[in-house]
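Okay, structure first, notes after.
The values are calculated or read from the model by the stated rules, or taken from the named source; none is laboratory data. Just so it is clear, the structure is predicted and the values come from calculations on it, not from any experiment. Note that we place each Cβ from the backbone using ideal geometry, even for glycine, and neighbour counts take in every protein chain shown.
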Amino acid sequence: MEQIVANQRRYFNSNTTKPLDFRIEQLEKLKTILKTNEQALEEAVNLDYGKSKFETSLTEMYLVFDEINSSLENLREWAKPKAVPGQGLTAGAECYIMPEPLGVSLVIGPWNYPYQLALAPLVAAISAGCTAILKPSELTPHSSGLIAKLLNENFAPEYLKVVEGGIPETTELLAQKFDTIFFTGSVPVGKIVYQAAAKNLTPVTLELGGKSPSIFMPDCDLDVSVRRLVWGKFLNGGQTCIAPDYALVHKDIAPQFLEKVAETIRASDYKTENGNFVKIVNERNTSRIAALIDPEKVFLGGGVDIEKRLIEPTVLTNVNWEDKVMQEEIFGPLLPVLTFENLDDAILEVKERPKPLALYLFSEDEAVKQKVLSEISFGGGCVNDAILHISNGSLPFGGVGDSGIGRYHGEEGFRAFSHYKSIVETPTATDPAIRYSPYTDEKIALIKSLAP
């Protein structure tokens, strides 16, 4: 690992990665590789946990290609120095902000979206002009192995290298000095990455998770709202960092809400054999999720097959904040339903817990929208929908507090892998004496007048 990083640092210091034409060429090359091997990529993730071609196309490849296309279209504009006004002592000078690549980057990807969440930050690193080491998850070996094969065979290792392996390899990587680290995964592992980065004062982007609420008010369009909730919750088998973790439903519509959820789940025909449902990634996670199910609170579903890594879409009722299912991020196909009478009380319950990565509000009331969006801190979200905010590359994506540090997508991804240098370029034709000694009363008065 030490030698890989050293080789990349030497290559970065050669300035090869900095010209925009070089970056654009690498992005086009990556796009061609992915397009040419798209079918193989779909088959690999299906082997890992039964992900269908439809979900892979929608939630993986579409978003990666969108990131690449956005960078190709906008990179020259993003990379331009940005002029700012001169003021005070810099009046008359040329002042500008100049982006530069941070350098050697480490991208650690998760298993739940092995292409999107590994390759989208890689696209940002390439766009910014960095070199990159990509560490995909060992829990999806077919997907990770194919990414490693495709990228390592087509890119020079001193520029872009995929390193496979588990905890020992990741630990060794984190012991090296990088110029920036981008991690997507759980909060506990995010803390480990943060601690390792701190030893070298390495800046980090941490895309984590948390318990993302979905709030249902009495005035919501229940048919549309529930359909969108169910889609977002059970997409990828519930294994989505921004999945609606639980539903907070006003008591006046709770019975109708539950009936509508059950009806929608049955109509969705969630089965692995027809491609409508995804397996849990491994038996360990299947067992962990199954342990969160209280049989006495099952309203719908509850079936578990550990060996086949399957859990039925499950709705839990009469849930309270102290239940086991409310103590950790579920990351699976369980939907706990809690009720409330007063919106202020519901908001307070959310605010008393770690800041979530996402929040979803279902209401038509403008005052309610303003209240929830302004009073609750969260990474990003939707009103009257779920998940979709991640699909717009113009919207920065990231968490806040326990749910993450930093943002990416589009220009924000470019920024995540860049440093912005502030430059003052002063003409030499004149050289006012105000800043030079002797420091007279007249000069002091003039300085004070510059910032009255």
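Candidates SER52, SER14: the one that is among the hydroxyl-bearing types (Ser, Thr, Tyr) and either touching a Phe, Trp or Tyr at 6+ places or on another chain (Cβ under 7 Å) or loosely packed, with under 15 Cβ neighbours inside 10 Å (or both) is SER14.
Please verify whether LYS18 is assigned to a loop (DSSP other than H, G, I, E, B), at pLDDT 95 or above, in the same structural domain as GLU412 (by TED's automatic domain parsing) and touching a strand residue (DSSP E or B) at 6+ places or on another chain (Cβ under 7 Å), treating the condition exactly as stated. It is true that LYS18 is assigned to a loop (DSSP other than H, G, I, E, B), at pLDDT 95 or above, in the same structural domain as GLU412 (by TED's automatic domain parsing) and touching a strand residue (DSSP E or B) at 6+ places or on another chain (Cβ under 7 Å). Each residue in region 157-209 was checked for being assigned to a strand (DSSP E or B) and of a type in the set (Val, Ile, Thr), and 6 of them qualify. Please determine whether any residue of region 47-57 is polar (S, T, N, Q), touching a Ser or Thr at 6+ places or on another chain (Cβ under 6 Å) and not assigned by TED's automatic domain parsing to the domain that holds ASN285. No: zero hits. Would you confirm, using the coordinates I've provided, whether LEU102 is among the aliphatic types (A, V, I, L, M), touching a residue at least 24 places away in the same chain (Cβ under 8 Å) and more than 30 Å from PHE331 (Cα to Cα)? For LEU102, the condition - among the aliphatic types (A, V, I, L, M), touching a residue at least 24 places away in the same chain (Cβ under 8 Å) and more than 30 Å from PHE331 (Cα to Cα) - is met. Could we say that LYS421 is of a type in the set (Lys, Arg), modelled with pLDDT of 95 or more, over 21 Å from the mean Cα position of the chain (by Cα) and surrounded by 14 or more Cβ atoms within 10 Å (Cβ to Cβ) here? Spelling it out, it is not the case that LYS421 is of a type in the set (Lys, Arg), modelled with pLDDT of 95 or more, over 21 Å from the mean Cα position of the chain (by Cα) and surrounded by 14 or more Cβ atoms within 10 Å (Cβ to Cβ).
Would you point out the residue of region 274-323, among those that are part of a loop (DSSP other than H, G, I, E, B) and of a type in the set (Lys, Arg), that is nearest to PHE234 (Cα to Cα)?
First pass over region 274-323, keeping only residues part of a loop (DSSP other than H, G, I, E, B): 274-282, 291-294, 301-303, 306-309, 312-313, 317-323.
Keeping just the survivors that are of a type in the set (Lys, Arg) gives 279, 308-309.
Values: LYS279: 11, LYS308: 18, ARG309: 15 Å.
This residue is LYS279.
Residues in region 368-405 that are under 18 Å from the mean Cα position of the chain (by Cα), among the polar types (S, T, N, Q) and assigned to a helix (DSSP H, G or I) were compared, and the one that is farthest from LEU208 (Cα to Cα) is SER391.
Please find, among ILE215, ILE253, the residue that is more than 17 Å from VAL107 (Cα to Cα) and free of Cβ contacts under 8 Å to residues at least 40 places away in the same chain.
Values: ILE215 fails: free of Cβ contacts under 8 Å to residues at least 40 places away in the same chain.
It is ILE253.
Answer with yes or no whether ARG407 is touching a Pro at 6+ places or on another chain (Cβ under 6 Å) and surrounded by 12 or more Cβ atoms within 10 Å (Cβ to Cβ). Full working, then the answer.
Working: touching a Pro at 6+ places or on another chain (Cβ under 6 Å): yes; surrounded by 12 or more Cβ atoms within 10 Å (Cβ to Cβ): yes.
So ARG407 fits the description; yes.
Scanning region 44-53 for residues that are touching a residue at least 24 places away in the same chain (Cβ under 8 Å) and part of a helix (DSSP H, G or I) yields ALA44, VAL45, LEU47, ASP48, TYR49, LYS53. In this structure, does ALA93 turn out to be under 30 Å from SER449 (Cα atoms) and either out of contact with any His (no Cβ under 9 Å at 6 or more places or on another chain) or not hydrophobic (A, V, I, L, M, F, W, C) (or both)? Yes; evaluated as a whole, the condition is true for this residue. Between a first residue in region 151-173 that is under 16 Å from THR17 (Cβ atoms) and a second residue that is among the small types (Gly, Ala, Ser) and not in a loop (DSSP other than H, G, I, E, B), which pairs have beta carbons less than 6 Å apart while being 6 or more apart in sequence or on different chains? Pairs that qualify, where the first residue is under 16 Å from THR17 (Cβ atoms) and the partner is among the small types (Gly, Ala, Ser) and not in a loop (DSSP other than H, G, I, E, B), are LEU160/ALA132. Of the set (1) among the basic types (Lys, Arg); (2) under 23 Å from the mean Cα position of the chain (by Cα); (3) farther than 29 Å from THR140 by Cα, all apply to ARG10 but (2). Being assigned to a helix (DSSP H, G or I) and within 30 Å of GLU172 (Cα to Cα) is the requirement here; does ARG23 meet it? It is true that ARG23 is assigned to a helix (DSSP H, G or I) and within 30 Å of GLU172 (Cα to Cα).
Of all the residues that make up region 248-274, how many are in contact with a Pro (Cβ under 7 Å, 6 or more places away or on another chain) and not β-branched (Val, Ile, Thr)? Lay out the reasoning, then the answer.
To start, the set of residues in region 248-274 that are in contact with a Pro (Cβ under 7 Å, 6 or more places away or on another chain) comprises 248, 250, 252-253, 265, 270.
The next check asks that each one be not β-branched (Val, Ile, Thr); those that pass are 248, 250, 252, 270.
Adding up the residues that qualify gives 4.
The residue that is farthest from LYS443 (Cα to Cα), among those in region 70-122 that are of a type in the set (Ser, Thr, Tyr) and part of a helix (DSSP H, G or I), is SER70.
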